[in-house]
Amino acid sequence: MAEQTPPSDNTGGDARPHILLVDDEDMITDMAKDALEDRGYSVSVFNNPEVALGAFRNMSRNVDLILVDHAMPEMSGIQLAEECRSLNPDIPIVMATGYAAGIDESRMTEGMFAAILEKPYRLKALCEVIDQILG
């Protein structure tokens, strides 16, 4: 399992947008983190949604976007999104899922997710979606 990236407070002069990346699949987090960092983003990676939520509680105002997997063992991406949204109602959240048909469409109209990416996604598509949201 990939190590959890320690949360940064993003206040030490690093003006790069900070992304919280939560997915239980190491290969996905490794590739997405590399692609996003190459694009100029600061990325904190978590393979456990409960640990990610704890970190987000400590740095919610220093995170610019959350990228979360839909299906994870301890907590679903939707549950994590709801918890994060309660801490920071304005945080953009991108849901990545292999089960797009299983996501309630009303979540999009309610503003829960800024975008939904179907897995497997291309890294170029991931970066373009995030650029568009944070641009």
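Computed from the coordinates by the stated procedures, all read-outs in this text should not be read as laboratory data. Every value quoted in this text rests on a predicted model; they were computed, and no experiment measured them.
Mean separation of Cα pairs under 8 Å and 6+ residues apart, divided by the residue count of the stretch 18-134: what relative contact order is that in percent?
Dividing the mean separation by the residue count of the stretch 18-134 yields 24 percent.
How large are Rg and Dmax for the stretch 18-134 when calculated on the C-alpha trace, in angstrom?
12.7, 34
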